There are 2 protein chains.
Amino acid sequence: MLKTERLAYILHQVNLHNKVISADLSQQIDVSDDTIRRDLQQLADEGKIIKVHGGALSPSFHHGINTSQEVYAYRQKKIIAQKAVSLIEDGMFILTGGGTTIIELARSLPPSLHATFISGSIPVLFEYISHPNIEVIAIGEKVSKNSKITVGLEAISKIRELRADMCFLGINAINQQHGVSDNDWEVVQIKKAMIESANRLICLTISEKINSQQPIQVCDCSKIDTLITELPADDPLLQPYRHSGIQIL
Amino acid sequence: MLKTERLAYILHQVNLHNKVISADLSQQIDVSDDTIRRDLQQLADEGKIIKVHGGALSPSFHHGINTSQEVYAYRQKKIIAQKAVSLIEDGMFILTGGGTTIIELARSLPPSLHATFISGSIPVLFEYISHPNIEVIAIGEKVSKNSKITVGLEAISKIRELRADMCFLGINAINQQHGVSDNDWEVVQIKKAMIESANRLICLTISEKINSQQPIQVCDCSKIDTLITELPADDPLLQPYRHSGIQIL
DNA sequence: GTATATCTTGCATGAATTTGCGGTTTTTTG
DNA sequence: CAAAAAACCGCAAATTCATGCAAGATATAC
């Protein structure tokens, strides 16, 4: 990876997350801490970022925009995203849905990753295209304004033509009895199709949504291969799911 | 391998992968590092690529670095977008391409407008979905990293199924002799399909690109119904086009 | 056809950039 | 206060860059 490329990537990350941690960057980009520090120093000299102990902040962050609530949910989703990223390997073919958790996943993909990502979510696609090495495939159709993903029969039949290694879904509700559920009929149709087209289903959700229910069922728990939350894998809240054979991360 | 051939190859690689590494090129083409360096220097002087330590990047990668230039172009594009918006009426079915000018158009749509917009450009779709009243249709397929629009046969055949009232295209070059031209083969295929599927073709461009040429032809001037630039309609630069029967705005 | 001029390429040299490592200092945290 | 983490400093190895120069290729003029 070229130095200029690296600087652009770091700046992108800073603007995206409002902060970066040196150790994370050096691990993601696979260079030494010193190199990252020098990069941050350079960007700071140019006024692009604000360097702090352990990393750097976005200059706009200095004006104190965000509320603590947002930061809280953000942290959880960041943790979930990082766990999810650890499952992805070079060369994989990956279906993803939409939602803020998946956006965070897209933002957390290490720059060295070479893989193919398929999605119908416009905001998620928007994140994918700024990644240097991944192939992006957009699922086309009418876009649902509500969920910002493409929906409809055409989209479903396109998904059916695929066979992906993994499918990452951000989910809105899950419980033992009814499995995964949601409240938008069109979105559920898409999710069902994605589940059928992937070898492995990985569900992402913040723990708040564990043991809740929505009107429309997406699939039951037996379809889920892996469940990722911000909690440690041995949290009691997750044990019932572990016992039904779901891998917990 | 001839020098001209080599330059074309390098430029193609840059546009394809968004970056090239000097050492890779010299090995692939089997010439010395110096030759490659001189080639990159020449292409950089011509503004085709951006030379960095160790290789070169696509000019589209320039986003995070330069802002002052973009603000200047921004004003022009804002004017163009506003002229374009005046053509759009409620209920229309509108095909649009990609590019910064079209993004500006998307941002300039009045909130009260009810119409249907179709595009394959991820950034443009991203703007459309935040509009309260328009219907959005995404064209799906592999996404070209360079242009950030969907490309490929599937996308083209989807476009062919449509019949739109108007097609708005941001163009990269236009002159009397060769009409509209561009430098990315895949993008040109998409543009051609869009032109064929619309009743009326409206081309948007900043005046800088008037009377310039790129390697690949998109269509000739007779196909254009309306041409919009930031200049007043009676500017002498535009008169030749007016005389060939194009409406100038 | 020959001679001249121009262009292109590879090589040598030296300067500049980039990067990782070890050792030291500073900051953070419990 | 003490351990751990991060920052800083200088150095050395590797890579890349810039430049001049000479040999070969190509074009042009006579």
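The values are calculated or read from the model by the stated rules, or taken from the named source; none is laboratory data. These figures come from a predicted structure and were not determined experimentally. For neighbour counting, all protein chains shown are included, and Cβ atoms are generated from backbone atoms with ideal geometry for every residue, glycine included.
Brief remarks on what is shown
- Residues that are within 10 Å of chain B (Cβ to nearest Cβ) and surrounded by fewer than 24 Cβ atoms within 10 Å (Cβ to Cβ) within region A:111-126 comprise A:116, A:123, A:126, listed in sequence order.
- Pick from region A:36-52, criterion more than 10 Å from DNA strand D (Cβ to nearest atom) and within 14 Å of chain B (Cβ to nearest Cβ), ranking: surrounded by the most Cβ atoms within 10 Å (Cβ to Cβ): A:49
- Output for region B:32-49, where each listed residue is of a type outside the set (A, V, I, L, M) and more than 12 Å from DNA strand C (Cβ to nearest atom): B:45, B:46, B:47, B:48
- So residue A:149, is it over 30 Å from residue A:25 (Cα atoms), facing chain B (nearest Cβ under 10 Å) and modelled with pLDDT of 90 or more: yes
- Among the numbered conditions (1) modelled with pLDDT of 90 or more; (2) surrounded by fewer than 18 Cβ atoms within 10 Å (Cβ to Cβ); (3) among the aliphatic types (A, V, I, L, M), the only one that residue A:88 does not meet is (2).
- Of all residues making up region A:14-34, the number that are crowded, with 18+ Cβ neighbours inside 10 Å and within 11 Å of chain B (Cβ to nearest Cβ): 1
- The single residue among B:20, B:71, B:52 that is within 25 Å of residue B:172 (Cβ to Cβ), more than 13 Å from DNA strand C (Cβ to nearest atom) and modelled with pLDDT of 90 or more turns out to be B:20.
Residues checked against (1) of a type in the set (A, V, I, L, M, F, W, C); (2) without any contact (Cβ under 8 Å) to a residue 12 or more places away in the chain; (3) more than 9 Å from chain A (Cβ to nearest Cβ):
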{"site": "B:132", "(1), (2), (3)": "no, no, no"}
{"site": "B:136", "(1), (2), (3)": "yes, no, no"}
{"site": "B:139", "(1), (2), (3)": "yes, no, no"}
{"site": "B:145", "(1), (2), (3)": "no, no, no"}
{"site": "B:154", "(1), (2), (3)": "no, no, no"}
{"site": "B:160", "(1), (2), (3)": "no, no, yes"}
{"site": "B:164", "(1), (2), (3)": "yes, no, yes"}
{"site": "B:167", "(1), (2), (3)": "yes, no, yes"}
{"site": "B:171", "(1), (2), (3)": "yes, no, yes"}
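- Here is the figure for region B:5-35: residues that are under 29 Å from the mean Cα position of the chain (by Cα) and away from DNA strand D (no atom under 15 Å from the Cβ) total 10.
- Cβ-Cβ under 7 Å pairs, at least 6 apart or on other chains, region B:26-53 side without any contact (Cβ under 8 Å) to a residue 24 or more places away in the chain and assigned to a helix (DSSP H, G or I), far side within 7 Å of DNA strand D (Cβ to nearest atom) and of a type in the set (Asp, Glu): B:26/B:33
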